[in-house]
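First the structure, in the form of structure tokens, and then the observations on it.
The values are calculated or read from the model by the stated rules, or taken from the named source; none is laboratory data. In this text the structure is predicted, and so the values were computed from the model without any measurement. Glycine gets a Cβ as well: all are built from the backbone with ideal geometry, and neighbour counts include every protein chain shown. These area figures cover heavy atoms from the full protein model, side chains too; ligands, DNA and RNA do not enter into them. Shrake-Rupley method; radii C 1.70, N 1.55, O 1.52, S 1.80 Å.
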Amino acid sequence: GDTFNALLLVAGTIPALEAERDIRCLFVAFVLQMKILIFGGQTKSTSEMFENIREKVKNRRFEELEASLEAAICLYHCYEGDYEYIEDWLTNVAPNENDEIFMMDMYSYFVKMRCYLQTGKYMMTLLLSRKLTQYLQKGFRPHDVCECYILSAMACLKAGDKENAYIELDKALEIGSKLGYVRVFGDEGQIMLDLLSIYNLKVSKKEALNVYDSSWIKKIKGVALEISNRYPDYLKSESELYGKLSKSEQQVLHMMAQGFKNDEIAFQLNVKTVTVKFHITNIFKKLMVQNRQQAINRAREIGYLE
């Protein structure tokens, strides 16, 4: 959790790596530095770093690193909540898991799963996670396997499947507890806090303490809370950013989209016009808009209107 000293340590290695012209290790150092800056709430400081490492990769002709660099930049946009960038990266840049799997693309695949979560593609997250787990288990990559289980748990939770979310998280905790992983859990922020809450409901406090060290769980929660406070919208799909509409509000919204006026909506729903106005006011608040057309446009963007 000491991001300040972590940043000092990784920054101290960069001059030596520059001198050795070790572009691969230098790339790892820059990406790690980027992650530390993000977790420290300094996302704006990463822009120059992206251009710096992109220039080095290009000048030294290490094209195999370009995909991972673009994935790192996309992860930055995930924290920033830039949905347009995320969708563009998914469509035009991200590796295709339906083709042959290359281990060099593993970092990009992990970013892709987070992009799937942030764009509401929960089943695709789960399928990709399970596919990668098979490869990673054979290659003895416990950290990556642990991360796959975490991403599977998050996908299940977002899809409303709490039972399997608990099962997948338990697999991750089993690996993480043996190897002392903290940040792989905590860096997911609010959704990790939600998962741990579900886990606590499933497992009694006494049983949980017998299986996992309470101080370790406390460290994970501490990091997750810090990330949650700093990036409350991280990994939330656009529809999750807005309030859920009641059944009556959904009816009013659909009729608004069809061009009906307030009195016409009231007549068809057999309610008073003042009731329709009340629902429309709530719709505006929940969708964070100021007029009917904005509400209709926003609703279409986030899938409330087909």
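Could you run through segment 98-114 and say how many residues are part of a helix (DSSP H, G or I) and not aliphatic (A, V, I, L, M)? Show your work before the answer.
In the first step, residues of segment 98-114 are kept if they are part of a helix (DSSP H, G or I); the result is 103-114.
Still in the running and not aliphatic (A, V, I, L, M): 105, 107-110, 112, 114.
Selection size over segment 98-114: 7.
Does ALA72 meet the test of being under 29 Å from THR125 (Cα atoms), assigned to a loop (DSSP other than H, G, I, E, B) and under 17 Å from the mean Cα position of the chain (by Cα)? So ALA72 does not fit the description; no. Cβ separations smaller than 9 Å between residues 6+ apart or across chains give the following pairs from segment 3-16 residues that are in contact (Cβ under 8 Å) with a residue 24 or more places away in the chain to residues that are among the aromatic types (Phe, Trp, Tyr) and open to solvent by less than 50 Å² (accessible area, probe 1.4 Å): THR3/PHE39; ALA6/PHE39; VAL10/PHE30. When segment 30-47 is filtered for residues that are outside any helix (DSSP H, G or I) and open to solvent by 50 Å² or more (accessible area, probe 1.4 Å), only GLN42 remains.
Scanning segment 128-137 for residues that are touching a residue at least 24 places away in the same chain (Cβ under 8 Å) and open to solvent by 20 Å² or more (accessible area, probe 1.4 Å) turns up LYS131, TYR135. Just one of the numbered conditions (1) under 38 Å from the mean Cα position of the chain (by Cα); (2) farther than 24 Å from GLN118 by Cβ is not true of PHE267: (1).
Summed over segment 196-211, the residues that are modelled with pLDDT under 80 and under 11 Å from LEU169 (Cβ atoms) give a count of 2.
Taken together, SER177, SER197 contain a single residue that is of a type in the set (Ser, Thr, Tyr), open to solvent by 10 Å² or more (accessible area, probe 1.4 Å), more than 24 Å from MET106 (Cα to Cα) and not in a loop (DSSP other than H, G, I, E, B), which is SER197. Scanning segment 138-166 for residues that are part of a helix (DSSP H, G or I), in contact (Cβ under 8 Å) with a residue 12 or more places away in the chain and over 19 Å from the mean Cα position of the chain (by Cα) gives a single hit, PRO142.
Yes or no: segment 160-173 includes at least one residue that is closer than 15 Å to ALA71 by Cβ and surrounded by fewer than 17 Cβ atoms within 10 Å (Cβ to Cβ).
Within segment 160-173, the subset closer than 15 Å to ALA71 by Cβ is none.
No, segment 160-173 contains no residue that is closer than 15 Å to ALA71 by Cβ and surrounded by fewer than 17 Cβ atoms within 10 Å (Cβ to Cβ).
Is there a residue being in a helix (DSSP H, G or I), within 25 Å of LEU126 (Cβ to Cβ), open to solvent by less than 20 Å² (accessible area, probe 1.4 Å) and not charged (D, E, K, R) anywhere in segment 86-97? If you could, list the steps in order and put the result at the bottom.
Let us first name the residues in segment 86-97 that are in a helix (DSSP H, G or I), namely 86-92.
Then drop every residue that is not within 25 Å of LEU126 (Cβ to Cβ), which leaves 86-92.
Among the residues that remain, those that are also open to solvent by less than 20 Å² (accessible area, probe 1.4 Å) are: 86, 89.
Next, from what is left, pick out any that are not charged (D, E, K, R): 86, 89.
Scanning segment 86-97 turns up at least one residue that is in a helix (DSSP H, G or I), within 25 Å of LEU126 (Cβ to Cβ), open to solvent by less than 20 Å² (accessible area, probe 1.4 Å) and not charged (D, E, K, R).
Right, LYS44: without any contact (Cβ under 8 Å) to a residue 12 or more places away in the chain and under 22 Å from VAL223 (Cβ atoms) or not? Yes; evaluated as a whole, the condition is true for this residue.
Could you say which residue among GLY243, GLY222 is surrounded by fewer than 17 Cβ atoms within 10 Å (Cβ to Cβ), within 26 Å of the chain's Cα centre (by Cα) and at pLDDT below 90?
Numbers: GLY222 fails: at pLDDT below 90.
Result of the check over GLY243, GLY222: GLY243.
Taking the criterion of being open to solvent by 20 Å² or more (accessible area, probe 1.4 Å) and at pLDDT 75 or above, the residues of segment 57-73 that qualify are GLU66, ALA67, GLU70.
Quick test for you: out of PHE50, PHE27, pick the one residue that is within 19 Å of TYR107 (Cβ to Cβ), touching a residue at least 40 places away in the same chain (Cβ under 8 Å) and in a helix (DSSP H, G or I).
Numbers: PHE50 fails: touching a residue at least 40 places away in the same chain (Cβ under 8 Å).
Matching residue, one of PHE50, PHE27: PHE27.
Listed here are the residues, each with its yes/no results for (1) buried (at least 16 other Cβ atoms within 10 Å of the Cβ); (2) in contact with a Pro (Cβ under 7 Å, 6 or more places away or on another chain); (3) more than 30 Å from CYS74 (Cβ to Cβ).
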{"residue": "MET256", "(1), (2), (3)": "yes, no, yes"}
{"residue": "GLU264", "(1), (2), (3)": "no, no, yes"}
{"residue": "ASN270", "(1), (2), (3)": "no, no, yes"}
{"residue": "PHE278", "(1), (2), (3)": "no, no, yes"}
{"residue": "ILE283", "(1), (2), (3)": "yes, no, yes"}
{"residue": "LYS286", "(1), (2), (3)": "yes, no, no"}
{"residue": "ALA299", "(1), (2), (3)": "yes, no, no"}
